[in-house]
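S.K.: Here's a structure for you.
Every number here is computed from the coordinates shown, using simple stated rules; none is lab data. Please read these numbers as outputs of a predicted model, since none were measured by experiment. Using ideal geometry, Cβ is built from the backbone for each residue, glycine included, and neighbour counts are taken over all protein chains shown.
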Amino acid sequence: MPVVKDFFIALSNNKFMNESAKKMGPALGAKKVVAGVDIDSTIDTVERLNMRGISCTLDNLGEFVTTRHEALEAQQNIVEIMRRNYNANIDAHVSIKLTQLGINIDKEFAYKNTREILLKAHEYGNTFVNIDAEKYEDLVGITETLDRLKGEFKNVGTVIQAYLYDAMNIMNKYQDVRLRLVKGAYKEGPNVAFQTKEEIDSNYIKLIEHRLLTSNAFTSIATHDHNIINHVKQFVKDHHISNDQFEFQMLYGFRTDYAYELAGEGYNFTMYVPFGEDWFGYFMRRLAERPQNLNLILLDIFNKKNKEKIAVGAGIIGAASLLAIGASKLFKKN
Ligand SMILES: Cc1cc2nc3c(=O)[nH]c(=O)nc-3n(C[C@H](O)[C@H](O)[C@H](O)COP(=O)(O)OP(=O)(O)OC[C@H]3O[C@@H](n4cnc5c(N)ncnc54)[C@H](O)[C@@H]3O)c2cc1C
């Protein structure tokens, strides 16, 4: 339902809502998809997942970074979680967002912040650092930063969004770099991105197959889509591609039993684990991808006594339902 998707994407971009939600603490069901606000609870979550044979990539949540101070604070949080991971001897690396490290303030500043994280990652067990893909308007900045860093560091990689027309070209530029392949989470226009699920899924499969056949670098296939996962399982079998070449990834809190099943079958598996106070934008993007995730909110508001949370949660559900009803009437008319 594109109207509902647009609604949640608009909420994810709303600075006022993000700030208010931060003060509220993870609510409306967000606790199910965010590991915790602090490092201790995040490390507990990683330990639990490690025991099931699942590695983790940790995302220090943070949207709307507009000052150098905020970017440096984010960088320090990321370095601190790497240090704590190393000391706790757990199987986890970090996923970072260059907007959080100041790319929209000053590219050189963001590059230096990212380089510092990579130097520390080297010091703390030479762990991998993934640069997440964000909005299309940030793509050039992200690839330029990666291009500067990948010569110096081997432990850095990024994400390819299958909804972009140019995804194959971007992916092929990074043959030797570890990559995560995803469908894409933001709202992009028809000038740059496929708009239908069929087109995106088809391009996603093309990318996965091409990458697994042509690159020796490690590939993460990040999806909750059982059709894609089944396709990959058959494809690697048919083409004798070793399990060491790739892994599956999912987001924390979604299809957990399925994640355990895949790890139990012997596939490498990494869970993307977000933590921190800035949960709202991340959570709204998850609702945009799959409006059924609203059930997380419903479960939470029926269990909560806090009136403010009930009001906000009910407001979001009400608005989304009205939009859905309005859109379906419109489609019927046409
Ligand atoms: C680990 C990870 C990292 C990511 N990193 C990025 C990034 O850096 N940049 C970016 O733009 N995007 C990122 N994404 C988000 C990604 O781009 C997609 O928006 C998101 O994964 C939703 O697409 P999907 O492939 O899971 O399948 P969808 O197209 O959302 O779902 C396909 C089908 O799978 C099934 N399904 C999906 N979810 C569930 C569920 N919870 N329960 C039951 N069935 C379900 C349903 O049958 C559904 O129709 C990441 C995703 C993951 C998993």
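S.K.: Evaluate E = 1/(1 + (r/R0)^6) for Ile241 and Lys197, where r is the Cβ-Cβ distance and R0 equals 25 Å; express this FRET efficiency to the nearest 0.05. Mind dumping the intermediate values first?
M.R.: Working: r = 26 Å, r/R0 = 1.04.
Efficiency at R0 = 25 Å is approximately 0.45.
S.K.: Based on other C-beta atoms within 10 Å, arrange Met284, Met250 from fewest to most.
M.R.: Met250, Met284
S.K.: Near the amide H of Asp59, under 5 Å away, which other amide H atoms are found, from residues 5 or more places off or on another chain, if H is placed in the peptide plane?
M.R.: Ser95, Val273, Phe275
S.K.: Run the numbers for Glu152 and Gln234: contour at 0.36 nm per residue of separation, minus the present Cα-Cα distance, in nm. Walk me through the intermediate numbers first.
M.R.: Numbers: separation 82, 0.36 × 82 = 29.52 nm, distance 3.64 nm.
That works out to 25.9 nm of additional length.
S.K.: Remind me, relative contact order of segment 35-278 in percent, using alpha carbon pairs under 8 angstrom and six or more residues apart?
M.R.: Working: 388 pairs, mean separation 56.5, N = 244.
In percent, rounded to a whole number, it is 23.
S.K.: Could I ask something else about it? Non-local amide H neighbours of Ala92 (under 5 Å, H modeled in plane, Pro and chain starts lacking H): which ones?
M.R.: Residues meeting the criterion, in which the H sits 1.01 Å from N, are Cys56.
S.K.: Something else now. Among Phe254, Phe128, what is the fewest-to-most ranking by other Cβ atoms within 10 Å? List each step's numbers first, then the result.
M.R.: Working: Phe254 18, Phe128 22.
Ascending number of Cβ neighbours within 10 Å: Phe254, Phe128.
S.K.: State, to one decimal in nm, how far the label point of Gln175 lies from the label point of Arg48, with both points 7 Å from Cα in the Cβ direction.
M.R.: So the two model labels end up 4.4 nm from each other.
S.K.: Sticking with this structure for a sec: Could you derive backbone 3J(HN,Hα) for segment 178-191 from the dihedral phi with the Karplus parameters 6.51, -1.76 and 1.60 (θ = phi - 60°), listing whole Hz in sequence and x where the residue is Gly or Pro?
M.R.: Karplus-based 3J(HN,Hα) across segment 178-191 equals 5, 10, 9, 9, 9, 6, x, 10, 9, 9, 10, x, x, 5 Hz.
S.K.: For segment 1-49 and segment 118-196, what is the centre-to-centre distance using only Cα atoms, to the nearest Å?
M.R.: Between the Cα centre of segment 1-49 and that of segment 118-196, the gap is 23 Å.
S.K.: Same structure, new question: Between Ala10 and Lys112, how high is the FRET efficiency from 1/(1 + (r/R0)^6) when r is the Cβ-Cβ distance and R₀ = 41 Å? Nearest 0.05.
M.R.: Calculated value: 0.80.
S.K.: Excluding Phe109 itself, calculate the net charge of residues whose Cβ lies under 15 Å from the Cβ of Phe109, where each Lys or Arg counts +1 and each Asp or Glu counts -1.
M.R.: So the surrounding residues net to -1.
S.K.: While we're looking at this one, here's another question. Using the Kirkwood radius built from alpha carbon pairs, what does the Stokes-Einstein equation give as D for the chain at 10 °C and 1.306 mPa s, in µm² per second? Before the final figure, lay out the partial values.
M.R.: Numbers: Rh = 20.6 Å.
The diffusion coefficient I find is 77 µm²/s.
S.K.: Mean-square fluctuation check for the chain, GNM, Cα pairs under 10 Å: which of Val159, Val192, Val33 is largest?
M.R.: Val192
S.K.: Once the dipole of the chain is set up with Lys and Arg at +1 and Asp and Glu at -1 on Cβ about the Cα centre, which of Ala121, Asn243, Leu149 lies farthest towards its positive end?
M.R.: Asn243
S.K.: Ok, one more. Please give the calculated 222 nm ellipticity per residue for the chain, where each DSSP H segment of at least 4 residues contributes -39500 (n - 2.57) and the sum is spread over every residue; nearest 500 deg cm²/dmol?
M.R.: -17000 deg cm²/dmol
S.K.: How large is ³J(HN,Hα) for each residue in segment 124-137, as worked out from phi by the Karplus curve 6.51 cos²θ - 1.76 cosθ + 1.60 (θ = phi - 60°), to whole Hz, x for Gly and Pro?
M.R.: 8, x, 6, 7, 6, 10, 9, 9, 5, 8, 10, 5, 4, 4
S.K.: Size of the dipole of the chain about the Cα centre, Lys and Arg at +1 and Asp and Glu at -1 on the beta carbon, nothing else charged, in debye to 20?
M.R.: Magnitude of the dipole: close to 920 debye.
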